[in-house]
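K.L.:
Below are the structure tokens for one structure; questions will follow.
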Amino acid sequence: MIPIRQDNTKEAGTTGTPWRRTGATVLTLIFCLGLVSGMALLVLRELDDLSQANSDNLQWSLAQADVEFLRFQLELERARDDPTRLDQVRRRFDIFYSRMTTLERGTVFERLRADPTFDHPRTHLRSFLDSTVPLIDGSDVALFDALPQLARDTRHIADDVRTFSLSGLSAFAQISDERRQHLVQTLLMMAVVLAVLLAGLALLTVSFFRLAKLSQTRAREVQRTAGRLRTIIETALDAIVVTDAEGRIREFNPAARRIFGYTREEARHRSAIDLLFPSDLAESLRDGPLRFLDSARAPEAHEKQIEITAVDRFGRRFPAEISIDLAEDDSGRLFVAYIRDISRRKAAEEGLTVARDRALAGERAKAEFLAVMSHEMRTPLNGLLGSMQLMRDHRLDQRQSELLDRMQSSGRLLLGLVNDVLDLAKFEAGKMRPESRPFSLTRLLDGVVETMAPLAAQNHDRLSWRWVGPPQDAAEGDARRLRQVLLNLAGNAVKFTQGGTVEIEAELLRDGHAVEFRVIDSGIGIAEADLERIFSDFETLDSSYARQAGGTGLGLGIARRLTEMMGGEIGAESEPGEGSLFWLRVPLDPSTEPLPARAVRSTPRPELAPLDLLVVEDNEINRFVAREMLEADGHRVTEASDGRAGVEWAEAQHFDAILMDISMPVMDGTQATQRIRAGSGPCARVPIIAVTAHALPEELARFREAGMTDSISKPIDRAELTEALARVASGELPAAPVVTIRPAPTDPLIDTDQLSTLWAGLGAEASAHLMQSFLAELDEAIPALAATPPDRPDLGPLAHKCAGSCATFGAVALRRALGQVELATKQGTPVAPADLAALNDLWARSRLALEAWHRAA
Amino acid sequence: MANPARHIFFAAACAVAIAVTLFFPLRVAAQDLAPPQGEVLLTINGAISMHNDAEAARFDRAMLETLETVTIETSTIWTEGVQSFTGVPLVALMQAVGARGDSLRATAINDYAIEIPRSDWVEGGPIVAYLNNGKPMSVREKGPLWVIYPYDTNPKYQGEVIYSRSIWQLDRITVE
């Protein structure tokens, strides 16, 4: 954004003081000017006064009073000698009288009259005049007679006249002095004010000069900034497009010209949306990501950076990244947009995504393959091992017995390897959870020693275990995993020790809340450098070791993972040639619950009354093995190949117990059990024993919840099976646990985890696109499939194809249904047309669920 | 029978006689002023064309009163309050005596003398007042004649020069 506004505010801030100062100066000057005007007015008035000189010629008037008095006196003297001059006396008196009247009455003499030195002789004169008037106005004779007296009087009064005129003169001198002084003062004051005014003007000049310089500097700065900004814009790699509030292009930098192919002149005044974006997208842009343009408002934070498809003048469309914001300048609102051609980046990103997806898919496929293969391998292995057990029921000669031994040990080894791989796959899938249940430590360690005894005997090793410190039998924890780890460590120790000792020590730590196990051998030992490495996956140190160990190299890696899963630690110390010490510290809480009674393997097989048994198992070999084992013990066996068949049998007929496999097509063991328990058939309350390879604690709980009474592990161990049946026969097993009858939990239609993974992997856009084609594909395929006659040979492949797509998009329910169709066609079982028709409904519901999920996402 | 030529001659002679008789006294009346009957208040001499005494024009109160009369209401610096002065405008007086000069010299009874330039002999200018507040003025009251300017109505008459020209107890004027 061009920081026009910011600059403005900054300038306003810094110029405030000079402007204020200038303003103050101007105000002061105006004040001074007013003052000067006032003064000038005063002076003018003074001048006016002077020019009007309403004083007449005061001094002359005063002096004249003297003169006129003297002339009157003179006339008096003359008249005494010449009576004809009496008129002259009268005239002189009148003149003097008139002068005195003027002095007494005239406004200019007002101030004189207030002066006592002037007033005193004035009153004397006035009384003289008043007393003389009757004589003057009287007859000539009277006047003539009074002349000597008048002369005397005038001689007396002469001093007063003199004093009168002199005091008047000095008073007037004072008055004019005062007036001069006043004028001088006024002029002086005016001079001062003028000086102030001049100073103010000088200050103002300086201030204006500084302001001028400041604005000059600022103008240069603005120019420089503008120049820099122009260079930045001109040299930018991104297109910079400035539009007005209506979206018409104002500026179009060189990069924009390069990217879009228009010259600046061509682009200016055109609508940016119409010019720079495909015409078919213009509407959706106006309503969508660029909708703020129409209202000419500032884009919100999420609208400032958008990815969009742009088009150049030659019609090439390319993905562009736009960063846009609103700026304001004098001419109104502007939008400034940086547009970057990101087609290369997009291509690279897509390439990376595809590569990553491929790698991920490959990885997943491998892991899945591993899991499926090891799982699938277990079934035939179980068949082999079961069959071998059954062979022992027949008469065998020495040689055959030895061969059978070897076959059995090989089979067990193979099963061990397969289980290792499966464990690892489970770890990879994050499906392993520790369980916690009470168990006996003594019994566990006895078992380990017992299991390893044959191998130890083979290697001429002495194998034993003991407590170090106080013993503690009852503990709570994951006995199965602990046993697995200890067996692994003991197995290794025995394998690498020839004719030596292998000792397992157990010691309580942390007040009995943890146990340390130490497996100490006197074998070949391990070099210091290799000690860390041996706990890694697939690590078999060297070929000789690997050969001697004869393993996948997964054992210690799995042991480490299991230990960590239980919250414990594992480690080793060794001295090559002197033996090794593997230690294992696991938190184990002391158990307060009573331990389950010890199963005694060595006890002779109890004699069992023949029982009627139903074996529900989809695998034919497993079914065969189970049937053989059970019939060998004299029981009657009915077989069902899946859950539904099992339910049907159970509803139709009474059995003493049901052996129920868990994972089966059509209907799994849990569902089948729920159906049987929920119904009112003859088997609704008979014991149901789960036969399972997955014995996770929560799963066992789930089986029990579903109504199963007991469980045995798969592959079926003959002794375990016999014991379980013995419990059934003795009535020890609660025949029918009280189960709350409730509808089978509806399977989820879609696996949202799978969808989320897909979305995260491919990105929302690609995923949504794929999803659309998936929906379109199945919209077509499912009705076609539903309408396909059940005996058509391409039914299986068609179902398989759809199932694959369903798996990708997590439509698990539909996939299962399709899987069953596929299985059925593979097995040659006819598929019911109703089942096929049901696919339509299932698809419709799955589709809704998918769309709902997509909307929510 | 009458002789027509004699008749014509007689008529002509009569006409000439009448014309001469009529014309001559008219000429004398236009050039000279009637002599004053009462006490002479003002004597004007110098460059004037009207006389009623040797080279002078002498005026008594009645003669002045027959001339144009103007009354000015004004205050003065020598009196108290607004006064009313009635008299002959100086310009009318100068016309009456056929003054030809550029200024006049006015002299008072006490021999105070000043000059009044022709520029002051204008309408709305000074008058030679013979009444103050409707009454004649005695010598004691600066009479009998006083040159008064309309001080209040015209500020240019408020100045020392004008005040000095406002001569009272006026009795002589010499047009120069």
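K.L.:
Being more than 13 Å from every other protein chain (Cβ to nearest Cβ), surrounded by 13 or more Cβ atoms within 10 Å (Cβ to Cβ) and at pLDDT 75 or above is the requirement here; does residue A:15 meet it?
P.N.:
Against the criterion (more than 13 Å from every other protein chain (Cβ to nearest Cβ), surrounded by 13 or more Cβ atoms within 10 Å (Cβ to Cβ) and at pLDDT 75 or above), residue A:15 does not qualify.
K.L.:
I've got another one for you. Restricting to region A:255-274, what's the tally of residues that are touching a helix residue (DSSP H, G or I) at 6+ places or on another chain (Cβ under 8 Å), farther than 22 Å from residue A:329 by Cβ and open to solvent by 10 Å² or more (accessible area, probe 1.4 Å)?
P.N.:
Adding up the residues that qualify gives 4.
K.L.:
Could you tell me which residue of region A:320-373 is most open to solvent (accessible area, probe 1.4 Å), considering only residues that are under 21 Å from residue A:761 (Cα atoms) and either assigned to a strand (DSSP E or B) or touching a residue at least 60 places away in the same chain (Cβ under 8 Å) (or both)?
P.N.:
Filtering first and then ranking leaves A:356.
K.L.:
Next up: May I ask you to verify whether residue A:153 is in contact with a helix residue (DSSP H, G or I) (Cβ under 7 Å, 6 or more places away or on another chain), open to solvent by 60 Å² or more (accessible area, probe 1.4 Å) and not β-branched (Val, Ile, Thr)?
P.N.:
No.
K.L.:
Tally time: how many residues in region A:97-141 are β-branched (Val, Ile, Thr) and away from chain B (no Cβ under 11 Å)?
P.N.:
So the answer is 4.
K.L.:
Can you report the number of residues in region B:35-52 which are of a type in the set (S, T, N, Q) and within 19 Å of residue B:102 (Cα to Cα)?
P.N.:
Qualifying residue count, region B:35-52: 3.
K.L.:
Next up: So residue A:394 passes all but one of these: (1) under 19 Å from residue A:631 (Cβ atoms); (2) not in a loop (DSSP other than H, G, I, E, B). Which condition number does it fail?
P.N.:
Evaluating residue A:394 over (1) under 19 Å from residue A:631 (Cβ atoms); (2) not in a loop (DSSP other than H, G, I, E, B) leaves (2) as the failure.
K.L.:
A follow-up question, please. Condition first: open to solvent by less than 10 Å² (accessible area, probe 1.4 Å) and either within 16 Å of residue A:748 (Cβ to Cβ) or outside any helix (DSSP H, G or I) (or both). Now tell me which residues in region A:795-812 satisfy that.
P.N.:
Across region A:795-812, the qualifying residues are A:806, A:810, A:811.
K.L.:
A further question follows. Has region B:17-32 got at least one residue that is part of a strand (DSSP E or B) and modelled with pLDDT under 90?
P.N.:
Yes, some residue in region B:17-32 is part of a strand (DSSP E or B) and modelled with pLDDT under 90.
K.L.:
From the list B:135, B:156, which residue is over 16 Å from the mean Cα position of the chain (by Cα), within 14 Å of chain A (Cβ to nearest Cβ) and more than 20 Å from residue B:93 (Cα to Cα)?
P.N.:
B:156
K.L.:
Of all residues in region A:818-841, how many are among the hydrophobic types (A, V, I, L, M, F, W, C), in a helix (DSSP H, G or I) and surrounded by fewer than 20 Cβ atoms within 10 Å (Cβ to Cβ)?
P.N.:
4
K.L.:
Residue A:86 passes all but one of (1) surrounded by 16 or more Cβ atoms within 10 Å (Cβ to Cβ); (2) farther than 23 Å from residue A:175 by Cβ; (3) within 12 Å of chain B (Cβ to nearest Cβ); which number fails?
P.N.:
Residue A:86 satisfies all of (1) surrounded by 16 or more Cβ atoms within 10 Å (Cβ to Cβ); (2) farther than 23 Å from residue A:175 by Cβ; (3) within 12 Å of chain B (Cβ to nearest Cβ) except (3).
K.L.:
OK, next. So which of A:815, A:792, A:845 ends up being modelled with pLDDT under 80 and either open to solvent by less than 40 Å² (accessible area, probe 1.4 Å) or not aromatic (Phe, Trp, Tyr) (or both)?
P.N.:
That would be A:792, the only listed residue that is modelled with pLDDT under 80 and either open to solvent by less than 40 Å² (accessible area, probe 1.4 Å) or not aromatic (Phe, Trp, Tyr) (or both).
K.L.:
Here is a list: A:122, A:99. Which entry is open to solvent by 40 Å² or more (accessible area, probe 1.4 Å) and either in the same structural domain as residue A:68 (by TED's automatic domain parsing) or under 30 Å from residue B:75 (Cα atoms) (or both)?
P.N.:
A:122
K.L.:
Residues of region B:42-88 being open to solvent by 30 Å² or more (accessible area, probe 1.4 Å) and part of a strand (DSSP E or B), which ones?
P.N.:
Within region B:42-88, B:43, B:45, B:46, B:51, B:53, B:58, B:70, B:71, B:73, B:75, B:82 meet the criteria.
K.L.:
Has region A:97-107 got any residue that is among the hydrophobic types (A, V, I, L, M, F, W, C), closer than 22 Å to residue A:179 by Cβ and assigned to a helix (DSSP H, G or I)?
P.N.:
Scanning region A:97-107, I find at least one residue that is among the hydrophobic types (A, V, I, L, M, F, W, C), closer than 22 Å to residue A:179 by Cβ and assigned to a helix (DSSP H, G or I), so the answer is yes.
K.L.:
Only one of these is surrounded by fewer than 17 Cβ atoms within 10 Å (Cβ to Cβ) and touching a Phe, Trp or Tyr at 6+ places or on another chain (Cβ under 9 Å): A:184, A:196, A:133, A:161. Name it.
P.N.:
That would be A:133, the only listed residue that is surrounded by fewer than 17 Cβ atoms within 10 Å (Cβ to Cβ) and touching a Phe, Trp or Tyr at 6+ places or on another chain (Cβ under 9 Å).
K.L.:
Find all pairs meeting these conditions: Cβ atoms under 8 angstrom apart; at least six residues apart or on different chains; first residue within region B:68-90 and away from chain A (no Cβ under 14 Å); second residue of a type in the set (D, E, K, R) and in a loop (DSSP other than H, G, I, E, B).
P.N.:
Listed pairs, sorted by first residue: B:73/B:152; B:88/B:68; B:89/B:68; B:89/B:123.
K.L.:
Among the listed residues A:144, A:69, which satisfies the condition of being assigned to a helix (DSSP H, G or I), in contact (Cβ under 8 Å) with a residue 40 or more places away in the chain and away from chain B (no Cβ under 13 Å)?
P.N.:
The conditions single out A:144.
K.L.:
For residue A:171, indicate whether it is open to solvent by less than 80 Å² (accessible area, probe 1.4 Å), within 23 Å of residue B:79 (Cβ to Cβ), among the aliphatic types (A, V, I, L, M) and away from every other protein chain (no Cβ under 14 Å).
P.N.:
Yes; evaluated as a whole, the condition is true for this residue.
K.L.:
Please give the number of the condition residue B:91 fails out of (1) open to solvent by 10 Å² or more (accessible area, probe 1.4 Å); (2) at negative phi; (3) in contact with a Pro (Cβ under 8 Å, 6 or more places away or on another chain).
P.N.:
(3) is the only condition that residue B:91 fails.
K.L.:
Do we find that residue A:695 is of a type outside the set (Val, Ile, Thr), assigned to a loop (DSSP other than H, G, I, E, B), at pLDDT below 80 and under 18 Å from residue A:662 (Cβ atoms) in this structure?
P.N.:
When the stated conditions are applied, residue A:695 passes them.
K.L.:
Another question, then. Could you pull out the residue among A:646, A:679 that is surrounded by fewer than 18 Cβ atoms within 10 Å (Cβ to Cβ) and over 30 Å from residue A:435 (Cα atoms)?
P.N.:
Just a single option satisfies the conditions, and that option is A:679.
K.L.:
Then there is this: Being of a type in the set (Gly, Ala, Ser) and closer than 24 Å to residue A:663 by Cα is the filter here, so list the residues in region A:354-397 that pass it.
P.N.:
If the condition is that a residue be of a type in the set (Gly, Ala, Ser) and closer than 24 Å to residue A:663 by Cα, then A:365, A:367, A:371, A:374, A:383, A:386, A:387 are the ones that fit.
Rundown of residues vs (1) assigned to a strand (DSSP E or B); (2) in contact with a strand residue (DSSP E or B) (Cβ under 7 Å, 6 or more places away or on another chain); (3) at the interface with chain A (Cβ under 9 Å from one of its Cβ atoms); (4) open to solvent by less than 20 Å² (accessible area, probe 1.4 Å), yes/no style:
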residue	(1), (2), (3), (4)
B:124	no, no, no, no
B:131	yes, yes, no, no
B:140	no, no, yes, no
B:143	no, yes, yes, yes
B:150	no, yes, no, yes
B:173	yes, yes, no, yes
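K.L.:
Every residue in region A:650-665 that is crowded, with 20+ Cβ neighbours inside 10 Å and closer than 21 Å to residue A:835 by Cα, please.
P.N.:
A:664 - this is the single residue of region A:650-665 that is crowded, with 20+ Cβ neighbours inside 10 Å and closer than 21 Å to residue A:835 by Cα.
K.L.:
Determine whether region B:93-108 contains at least one residue that is more than 20 Å from residue B:50 (Cβ to Cβ), within 14 Å of another protein chain (Cβ to nearest Cβ) and in a loop (DSSP other than H, G, I, E, B).
P.N.:
no
The values are calculated or read from the model by the stated rules, or taken from the named source; none is laboratory data. Keep in mind that what you see is a predicted model, and the values were worked out from it rather than measured. Backbone-built Cβ (ideal geometry, glycine too); neighbour counts: all protein chains shown. These area figures cover heavy atoms from the full protein model, side chains too; ligands, DNA and RNA do not enter into them. Shrake-Rupley method; radii C 1.70, N 1.55, O 1.52, S 1.80 Å.
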